[in-house]
Structures are given as C-alpha cells and as structure tokens.
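Participant: Okay, handing you the structure first.
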C-alpha cells in the first residue's frame, strides 16, 4: 500500500477515535480511510500548516494528533484544521521554542511525554508548553509504557522505571550498554521486555519475576526495530529480515518479501488498530496490512507448482484424498495428510484424455467423463483406469450418480450407464443439450440449454412438468438454463445464461430473481453448495457469494479477498465436513465455512464537509457533533455532502444510502460513492442521514447525522412582500400607459409597413417570376443539351456534327443566361456566400481567359493574356472569379469590332496598404461615354448607344461588382468613348491560415458540372438495378433509354411512388429529381435513408435548382451525389459506376481483413448501428455452436427475410456467411494475440468441428490456422 502516500518510508502509525489511520512519513503527515490518503505538508502561504514535513513519531487523541518532527513538536487540531507548535519552559522560567528532533511521543494518565534524539525526556506542562524531566543525568535511548502510571527507560547504564505520578526514577536493572538501544517494548502477552539495537546486533530480553526485571534468554530476533503484542502472541519488526510472529504457544513464523505479501523486509513500525488489524510500516516501500479475514481463502494453482494444469473443472473428496478433474491436465489426486499430489494423465496412465469435465465418487471408484471422448472409471484400490466408449456423439459435459447403480450422462444427448452391466442406454424423453441432472426424492430434474427445465417421475421416468418461458402453467424467464441446484428445502436454484440467479418454489410455481438490487452482481451462477446451517455458497463468473438464509442477503468475495480467480467453472464445487472447494480457471479455491466472522459492530462514519456548488466554498464539518447545525444562505442550496467511513479490509464492498429528511421521501442508494449531491433545495430545516450496506450484506444506519438550515431569501420577508404589492400596483399603472402609447405607435407603424410590404412584394414577385422561369428552362435545356452531347459523341457525319455543335453551343449560351438570372436572384435575396478555396489564382485566371481565345479568333479579334505574377496563391471563390472574367470578357468581345484587341492581365500590387491581386480586362472597342460610367454597375442599366446593336440584360456588370464586393475587393473602370475600356479589379490576398479568411457558410460540394470526374472502368455490374424517379415523362424516358444499355432500370413518376418502388424492389442505386408532386426528392431521400430496409441504397439527386441551400438540403437528407441540370451524361454514368465500385471495394476490404470495423461497410448511421448490433450479438454468442440466424434475428429485432436482404446488400454475404466470417475474424485475432491452441480457439468461436474450422478458415484467409499463426509469430 504505497499509492497515495506522501512518501514511502513510514516511521509511525496511529488511529484516532473516529477510526482513521494516521501515518508519519519523511515528507508529510497522512490520514487514511481505506479508500484514499489525505496529506498534510508545509505550505509557505499558510501559517497554520505543518512546519516540518519529516516526521518521526505521532500520537492521536480525542481532539487531534501530536506530531514529532526532526525539528519540533506540533499538534494538529481536528476542529479548526490547524497545526500549533510547542515551547519549553526552562528552570529559570524562560520560554523557548521546542526545537528538538523528536523520537517518541507517549500518553500516560492523560499527560503527554516526549523523548527526543538527544536523550532528553519532557512532560506536558500546559496546553502550549513542556518541561524537561530531571533524569539524574541519564541519557535515554528509548522508552515504552510499563505498568500503570510507569514508563520504562533504556539508558547506557541499564533499565530504569519512571513513575509518572511521583516523578521518581528507579533503577530496575543495572547493565552497562555501549550500543544505543533503538527500541524498548514491554509485552503484556508474554510478560517480557525486549530491547532492539542497530542492524545486525542481537536483541536483549528480560522477564518480570516477582515484580523484578531479570535478564532472560527467551527468543528475540536480531536487527530488532519494532515490537507489538498481537493475537495473543507478539510480532517483531526487523531491519532486513521482515516480520516474525511468535504465537502464545511459542511457535515462530517468519514472513519476508519473498515468501509473503508484505511490501519490504526493513520494518520501521508496527501498529494494531481497533479491529485487530496489523499495520506494518516499512523503509522505502510503504505500508502492509494484515488481517485474519484475508487468510480465509486458500488456493492451489499451477503457477505455484501445486497443480499440473490451471483449469479445475471437477472436484470430489473422501476422508483421505481430494480428486480434481483438470481441463488439460487429466486427474490430480491430493493426499490430505501429506499434501502430495499424484498426477494421472495420458502420458503416465491409460486415462483416455486429459480434459476431465465431471467426477463422481461412489466409494470404490472415481468416475470421470472426458471431453469429446467417453466415460472412464478409476479404481481407488488398483489405481487403474477402465474406459467405456459411446458409439454415437461423445459430447458429454456432466455425469450424475442416481444411487441406484446408474450414471446419467448429460450433454448433446443423454445416456444412462448401468455400472453392473457396463452398458449404455439412450434417454430420449427430452431434447438435446442437457446441462445438469439432479435427483431429489421421487423426481428427476434436468436443465437444458435450449428447452428449459424438466421434472420427471423417478420411477416411470415420464415428464411431470416442463418449465419454459412460454408456458402458462410452468413459466420461467428463459429456456437457456446453464445450471441448477436443489437445496435441502427442495427449492430449485437455477441460472439462465447471463440473467443472474433465480429460485423456484415448486409448490407455488413462482420464482424469485436475485440481481444487483439483491446483492448478486454476477451474470451466471455456475456452482452451488449448501452448509449444514442452510446457507448457500455460490460460485459465479464474478466471484463467490455467500447467501445467508436468515438475513436473505448476499456477500461477495473476489480477488480483494485473496482469491486466485473469480471465474468459477460449471459444477466445479464440493463440500466435505466444513471445507468448501471451488474449481476456477486458475486453480482450486478452498476454505472452511465456519471461519467466516463478519464485522458486527457499527461502522464509524464521519461527515467531513460540505461543498457549495455555486461558489466552490468548502465547509469542514469533521468535528461537529450531532447537535450542531450548519446554516446556509438561500443561494447556497446546491451542495455536495462528503463523508468518510474508515474500513480497511474490504472498503470496496461497502454500499451507501442517504436520506435528507425534509427533502427526500425515501432512502437514496448512492452505491460506492462517499458523497451525495442535492440541488435546488428550498429554504427550511433538514437532517442528513447515512446508512451502510456492510460486508455481511446487512444495512446498518450510521449514528452520524448532520442538521442543515437554509435561510429564506430576503425578498420573502413580510416587509418585502408589502413592498412588492406597492411596486406591482405602480407597474400595472405604468404598463397601462405604455400599452396605450405603444398601441398608437403600432397603428402608425403598421400603415408604413403595409406600404413598404406592397412595394417589396411587387419586387419579389418580379424576381420570383424570373427565377421560376429560369428554373423551368433548365429541365428543357437538359433534354436539349444532354441528348446533344450523346449525339455529338456518336455522330460520324461532319456536316451534321457541325450543325449539332452549333445547336449545342447556343443551348449552352442560353444556359449561361439562365444561370446569370439565378445568380442575380441570389444577390438580390442576399443568399450568395463565398465558397473559398486556397490555390494558384494566376494559373486559374490564365486558364479561364484562354478558354475565350477560340471565340475571339472566330470573330477576327485578338485576345491576349498577360500574367505578370506566376504562382500567386490566395484564397478565392473559383466559381465567382470565373463568372467575373466571363462577364468582362463576354462584354469585351461583344463591344469590339473585327481587328480590335482585348488584353487580360494579372499582377500583384498594393491597394489601400494591403497586398492585392490586380486583374485588368482592356479592349480597344467602342468605349463608354464618360457621363454614363457611374451607372454601369447598377442593375438593369444599359448604355443606350446607337453605335452598337449589342445589348444585354443589364445585370452582368452588377453581378461583377457584387462578386468583387463579396471578396472584400474593389473594381474600377476607365473608358474613353471610341477608344476602348479598361476594368481593374483588386482582390485582397488571403493566406490559407489568415485570421481574416471568412468562415465558409453553407459549404457544400459544388463542383461545376463539366468538371472532370475520375471515371472508373465499368464494373461487372451483372445488370445492376437502378430506380429513376422523375416527374417529367420525356426526361424520365430519356434517362431510362440511356441507362438501359448497362443497367436494369425501374421508373417512378413522383417521390411517393419512388419510395414504394424502392422498398419493394431494393435497387442498387436511386436517381431522383427534387421538385416533384406529392413527395419531393429530398423528403423521399430522407425517408429511405431512415428506413432500415433501404438506408444502404446510394441516392443521386438531379435538379434544376443550383443554389447551395438546395445542395445542402440534399446532402443533409443523405444523398450520395448531386448533379445540376443540365449535365453531361458521362458524368452521371461515372458517378453511378464509382458508387458501385466503392461499395464493392468496401465489401472486399471487410472480407480480406481480420479487423471488424463497421465503418468499412456502412455509409449511414442506421446501417452502422445495424452492423454494430449484429456483430455485438454474434460476439456475445461466439462460443455457442448452436447460435442460429433465427436467434440473431430475435436479438436485433429484424425479420429473417429483411435481415437476409440487408446483409446481402451491405456486405455481399448471407447472414450465415456473415456469422461465420465474424467467428473466423475473431479466431484470427485470437491466433495472433493469444497463446491458446487451435482447438481451444475453434471451440471458443463456436466451431464444434476442427476440420470444419480449418476448411472455412483457409477459404476466408487463404491459409490454414497453423500457417496463419506461424506467419503471425514470424512477424
């Protein structure tokens, strides 16, 4: 015990009246309550803290702790949490600080005596002072208490006694000693005085004979450092030899670090607390604690060489021997008298196998069933085995003697073996997989792992009652019964798999469930024995439980109680006389049931403090009595009450409940927590109480209570209530006046708003009209552009191809105009946001301008690009910069004549003290009149110039200016009528990590429809099924015609029909429009993604809506891809193939790796949850060879057909193949990370046949388990 100690060298230990242990170390004072350490050290900012951290000795009393350090004597007072130093009164009356290296502090008759390392003895004179005792010039090595009112002093001249009442020093035995005595101790148990010296020196002993001290030769170890009476004998603490215990009958036992669990061999101090626990303080290695309660459980393990194998599966015993069946070690026979073990296994005997699962002792023979083999008989007399084969399946788990000459074998099938005829007979009255068979009076009770519990007539062997979960007359909670036991009262105790423990009353047919609320925390009870007193000892998968029949309570024992393992094996238990034995996964545990003595005295509870949650203030309450009242303000009604219960042997077994009388209506269980929080407590008076569920399973109410008063707030006082009434009347009058004024103002404002709304509605109606018309254009344009792209791709006739190209280009131009209208609508509605990305703007501008060069050449105009700053990186919106350049270059081409030139340039410059990118577009065209330049960026403005017939919509330059403003930029124009125009655009340079970079809003994937998409090669689709949902008949027919070349296409005309078709046909991909009658595409997508049957199907959305808001809504609904109309059909085809390819890649990745990751397969949360639930259910039943698809369907709540379709769609596997795949992956992980053999792993993951396991493992991973394990070990 060192974690939490201030320092690991322990020099002194003491216990206060509340039960807390105080520990002196070289670096502070510690207080321990069994759960945590509280440390006191010097704090330079706190004048009341301890002055010196290096402590030699401590002594507790009612009000505090005496602390002797290497520099002074101090006193810690519980009530105010402060340390006080003491002074010395000299003979002349002068007072000086007590500056000494304190060695020992002792209390005699209410007075404190202190011995320092200078050999001087002091006595307490007052509350703050000490006086030096005149010791006749003696140098005192050490001291100890003696008879009543006396102290023994060890000096260089011998042993002296000091009478505390008279102050007289008497020589008891004169004996010159050149060695300084490190310690002196008087043992009342042995009536002996012990003196220990430095390391390696022999000790001295003295007996008291006729009230005289005489030298003695009784035993005392060398290097003695500390001594204490304990358990009728005496304990010696040595410097280097551990502890030595001498019992009252003289037996000597030595315990060292190597042969026990003490922490070190150098022992500094010993202490026995009020519960007779022995505390051992060591040099450098902390504290050890010894209690008689921790020595109750004993174990035999293979790791200590006591058994030949770890797992004990069966136990039998007679007067001379204990017989143990081992899973892998055959049979061990232990001689009770000599302790010798005889091991019988396949290497030294003719026993059939080493996996002995069940044992019966009939007096003459030991009968054993061997796993997957047969029944064996061992003769105690001849010490030989005889084997009895079974012609059919050998999967036998347990055997039972019916005391009528038969042995009943339970397992996959049931058999009855007659000892006399030595023949088997098959028992087919019940189904397969029986787990236990018990005989009680005239009945046979048989538990099964699949078909509940049977009760048979012992004579006729016919079924009297069948208990199942669906039975109306004989109902039990589960059909999967792993273990049963019948107690002396005829009650049936049974444990369904992972459901705890039940007790069935066969008379009433009712059962009682024991779970956490009853004190039974285990999932499975595996073995039960009953003591003569009627108590039950229950072995579980979570330790051993003692059920007290009288108190109806459970007490749990685990590794905290010195148990080698907490996993008790099935039916591995035995009781002989009072000795109970349990077989575990790590050896044998045995104990005497009569040795258990639970703590009966009440626990000492200390309410240590209250934390005010609103301000963090802590109120120390550790020294308040039960009548004191804690007074809190009204705003201090959120509190946490902390309490402590000193318990050192089994602190983790304690459970607590609390009740705040006046607030709680009932006791509130708080588990292991040693604090309780209360919130929003009304003002009033309260009493806080605690009760404790002890290690004996009994509730004990603590005597500690706390009274709390929460004051009412000042605003609820009588004078305050009168004031509130006056204020309320004044407020009502003022409110009426304000209401009248506001009503008049609202009428006036309403008139103004109505006028403004009429203007606004008129403006919005115009914009909405243009927008709706623009959106309606996109679907017909899609039916023009997309088929044209297909025709252009397939057409061989050049003349026809040119004509089609002309139609295609003009359709694209019309699309550009439509998009421009939509952009204008966004700007007007303030819906346009930047979608910044970081990149090379110089390269982007150059590529954009070069796209216009063919158009310029076709119209006999010269277009040049001049990039003066290469590789210029900044954050910009590619789409909007592209549209800015498109508008400016289109205008330049429109308003120039043949032979004119156009120049687009880019350079880096400084504009308004900020680094900027300057983009210029210059032309030698007709120019703009000077008086009209100021209006050209206004919406719908057009320059009326008869010199040009080219006119536009009047919104292009308006859009350019707005997009520049979104980039926080600036645009200028210089023009001379008849000579040309130059537009200059300044865009601030924003680095990727710049704090001025705007936050992206509504950032969605918005790639241009004509962007290059990596097109995967057409996968082997096997005519994948595609559902097309589109309300436009012509477009739906076109899509169906084009897709039918490669896919099986299903059509639906709206979202409601599409949803129904998707559920019925389960297509591989769904392509849908957004705007449709009844149910739109987004709503349909959302419904399908939230439907467990269709959530895995990828959805591609096609729409004429191009705004980010519509794209975002589509992606939020779960869409996998989004395409704006019109689009290139090749891009759509590429997206379809990529989605199919990604789905197949995810399946392949999952299939060829041993890791089980749902993220590799699922694309939606609902699919991932289904896979996680499915895998969790499989892993929970990984060892169950009979686990079926129906079982899986029941656990995850999905029908067999739906589960089949779902798993087939997501994983490409049937449910049976998926279960097998999970088992094999689990096996691969175990082969890689554990030392289990292949047979054990195959059993663990639910393969009953090793050959079957090897075959499927090789099919899954391309190698046998042996090859896989070898490859893993090599790596």
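The values are calculated or read from the model by the stated rules, or taken from the named source; none is laboratory data. Since we're looking at a predicted model, the values are computed, not measured. In this analysis, Cβ positions are derived from the backbone assuming ideal geometry, glycine residues included, and neighbour counts consider all displayed protein chains.
Participant: Given the residues 32, 86, 75, which is the only one that is without any contact (Cβ under 8 Å) to a residue 12 or more places away in the chain, crowded, with 18+ Cβ neighbours inside 10 Å and touching a strand residue (DSSP E or B) at 6+ places or on another chain (Cβ under 6 Å)?
Facilitator: Values: 32 fails: without any contact (Cβ under 8 Å) to a residue 12 or more places away in the chain; 86 fails: without any contact (Cβ under 8 Å) to a residue 12 or more places away in the chain.
Selected residue: 75, the only one of 32, 86, 75 that is without any contact (Cβ under 8 Å) to a residue 12 or more places away in the chain, crowded, with 18+ Cβ neighbours inside 10 Å and touching a strand residue (DSSP E or B) at 6+ places or on another chain (Cβ under 6 Å).
Participant: Here are some conditions: (1) in contact with a helix residue (DSSP H, G or I) (Cβ under 6 Å, 6 or more places away or on another chain); (2) without any contact (Cβ under 8 Å) to a residue 40 or more places away in the chain. Residue 580 meets all but one. Which one does it not meet?
Facilitator: It fails just one condition, (2).
Participant: So, one more: State the number of residues belonging to the stretch 523-541 that are more than 23 Å from residue 579 (Cβ to Cβ) and either crowded, with 19+ Cβ neighbours inside 10 Å or assigned by TED's automatic domain parsing to the domain that holds residue 654 (or both).
Facilitator: 1
Participant: Of all residues in the stretch 1215-1246, which are assigned to a loop (DSSP other than H, G, I, E, B), free of Cβ contacts under 8 Å to residues at least 12 places away in the same chain and within 19 Å of residue 1184 (Cβ to Cβ)?
Facilitator: 1236, the sole residue that qualifies.
Participant: I would also like to ask the following. Those residues that are more than 57 Å from the chain's Cα centre (by Cα) and either modelled with pLDDT of 95 or more or not in a strand (DSSP E or B) (or both), I need them from the stretch 89-117; list them, please. Reasoning before the result, please.
Facilitator: Initially, the stretch 89-117 is screened for residues more than 57 Å from the chain's Cα centre (by Cα), giving 89-96.
90, 91, 92, 93, 94 - these are the residues of the stretch 89-117 that are more than 57 Å from the chain's Cα centre (by Cα) and either modelled with pLDDT of 95 or more or not in a strand (DSSP E or B) (or both).
Participant: Which residues, taken from the stretch 1078-1090, are in a loop (DSSP other than H, G, I, E, B) and in contact (Cβ under 8 Å) with a residue 60 or more places away in the chain?
Facilitator: First pass over the stretch 1078-1090, keeping only residues in a loop (DSSP other than H, G, I, E, B): 1078-1080, 1090.
Selection gives 1090 alone.
Participant: Continuing with this model, one more query. If we keep just the residues of the stretch 306-351 that are assigned to a loop (DSSP other than H, G, I, E, B) and crowded, with 20+ Cβ neighbours inside 10 Å, which is nearest to the chain's Cα centre (by Cα)?
Facilitator: This residue is 311.
Participant: What are the residues in the stretch 449-500 that are in contact with a helix residue (DSSP H, G or I) (Cβ under 9 Å, 6 or more places away or on another chain) and either buried (at least 18 other Cβ atoms within 10 Å of the Cβ) or modelled with pLDDT under 90 (or both), if any?
Facilitator: Restricting attention to the stretch 449-500, the residues satisfying the condition of being in contact with a helix residue (DSSP H, G or I) (Cβ under 9 Å, 6 or more places away or on another chain) are 498, 500.
The answer is 500, and nothing else.
Participant: Out of the stretch 1008-1034, which residues are at pLDDT 50 or above and touching a strand residue (DSSP E or B) at 6+ places or on another chain (Cβ under 8 Å)? Reasoning before the result, please.
Facilitator: Keep residues of the stretch 1008-1034 that are at pLDDT 50 or above, which gives 1022-1034.
Once the filter is applied, which keeps residues that are at pLDDT 50 or above and touching a strand residue (DSSP E or B) at 6+ places or on another chain (Cβ under 8 Å), the stretch 1008-1034 yields 1023, 1024, 1025, 1026, 1027, 1028, 1029, 1030, 1031, 1032.
Participant: I would also like to ask the following. With the checklist (1) surrounded by fewer than 21 Cβ atoms within 10 Å (Cβ to Cβ); (2) modelled with pLDDT of 80 or more; (3) touching a helix residue (DSSP H, G or I) at 6+ places or on another chain (Cβ under 9 Å) in hand, flag the one item residue 1097 doesn't pass.
Facilitator: (1)
Participant: Would you confirm, using the coordinates I've provided, whether residue 403 is at pLDDT 85 or above and outside any loop (DSSP other than H, G, I, E, B)?
Facilitator: On the way: at pLDDT 85 or above: yes; outside any loop (DSSP other than H, G, I, E, B): no.
Spelling it out, it is not the case that residue 403 is at pLDDT 85 or above and outside any loop (DSSP other than H, G, I, E, B).
Participant: A further question follows. Give the number of residues within the stretch 651-665 that are within 17 Å of residue 33 (Cα to Cα), in contact with a strand residue (DSSP E or B) (Cβ under 9 Å, 6 or more places away or on another chain) and either outside the structural domain of residue 675 (by TED's automatic domain parsing) or not in a strand (DSSP E or B) (or both). Explain how you work it out, then say what you get.
Facilitator: Of all residues in the stretch 651-665, those within 17 Å of residue 33 (Cα to Cα) come to 651-656.
Next cut, in contact with a strand residue (DSSP E or B) (Cβ under 9 Å, 6 or more places away or on another chain) only: 653-656.
Going one step further and asking which of them are either outside the structural domain of residue 675 (by TED's automatic domain parsing) or not in a strand (DSSP E or B) (or both), we end up with 653-654.
Residues that pass the stated criteria total 2.
Participant: For residues in the stretch 684-711 being out of contact with any helix residue (DSSP H, G or I) (no Cβ under 8 Å at 6 or more places or on another chain) and assigned to a loop (DSSP other than H, G, I, E, B), which is surrounded by the most Cβ atoms within 10 Å (Cβ to Cβ)?
Facilitator: Looking at residues that are out of contact with any helix residue (DSSP H, G or I) (no Cβ under 8 Å at 6 or more places or on another chain) and assigned to a loop (DSSP other than H, G, I, E, B), I get 697.
Participant: May I ask you to list the residues in the stretch 1178-1193 that are part of a helix (DSSP H, G or I) and farther than 21 Å from residue 1091 by Cβ? Let's see the steps before the verdict.
Facilitator: Of the residues in the stretch 1178-1193, the ones part of a helix (DSSP H, G or I) are 1178-1180, 1189-1193.
Result: 1178, 1179, 1180, 1189, 1190, 1191.
Participant: Please enumerate the residues belonging to the stretch 376-397 that are at pLDDT below 90 and crowded, with 21+ Cβ neighbours inside 10 Å.
Facilitator: 396
Participant: Name the residue that is surrounded by the most Cβ atoms within 10 Å (Cβ to Cβ), counting only residues in the stretch 268-282 that are part of a loop (DSSP other than H, G, I, E, B) and within 38 Å of the chain's Cα centre (by Cα). Can you show your working first?
Facilitator: Filtering the stretch 268-282 down to residues part of a loop (DSSP other than H, G, I, E, B) leaves 273-277.
Applying the additional criterion that residues be within 38 Å of the chain's Cα centre (by Cα) yields 275, 277.
Values: 275: 16, 277: 19.
The residue in question is 277.
Listed here are the residues, each with its yes/no results for (1) under 59 Å from the mean Cα position of the chain (by Cα); (2) modelled with pLDDT under 90; (3) loosely packed, with under 11 Cβ neighbours inside 10 Å; (4) not in a helix (DSSP H, G or I).
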| residue | (1), (2), (3), (4) |
| --- | --- |
| 720 | yes, yes, no, no |
| 727 | yes, no, yes, no |
| 732 | yes, no, yes, no |
| 748 | no, yes, yes, no |
| 754 | no, yes, yes, no |
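Participant: Something else about it: All but one of (1) surrounded by 14 or more Cβ atoms within 10 Å (Cβ to Cβ); (2) touching a strand residue (DSSP E or B) at 6+ places or on another chain (Cβ under 7 Å) hold for residue 426; which doesn't?
Facilitator: Only one criterion is unmet by residue 426, namely (1).
Participant: Given (1) in contact with a strand residue (DSSP E or B) (Cβ under 6 Å, 6 or more places away or on another chain); (2) over 23 Å from residue 19 (Cβ atoms), where does residue 595 come up short, assuming only one miss?
Facilitator: So residue 595 meets the others, but not (1).
Participant: To continue, here is another question. Restricting to the stretch 617-647, give me the number of residues that are in contact (Cβ under 8 Å) with a residue 24 or more places away in the chain and out of contact with any strand residue (DSSP E or B) (no Cβ under 6 Å at 6 or more places or on another chain). Write out each step before concluding.
Facilitator: Initial filter on the stretch 617-647 (in contact (Cβ under 8 Å) with a residue 24 or more places away in the chain): 620-624, 626-647.
Those still in the list that are out of contact with any strand residue (DSSP E or B) (no Cβ under 6 Å at 6 or more places or on another chain) too: 623-624, 627-628, 633-635, 638, 645-647.
Within the stretch 617-647, residues that are in contact (Cβ under 8 Å) with a residue 24 or more places away in the chain and out of contact with any strand residue (DSSP E or B) (no Cβ under 6 Å at 6 or more places or on another chain) number 11.
Participant: For residue 1062, state whether it is under 40 Å from the mean Cα position of the chain (by Cα) and modelled with pLDDT of 85 or more. Outline the logic, then answer.
Facilitator: Numbers: under 40 Å from the mean Cα position of the chain (by Cα): yes; modelled with pLDDT of 85 or more: yes.
Criteria met by residue 1062.
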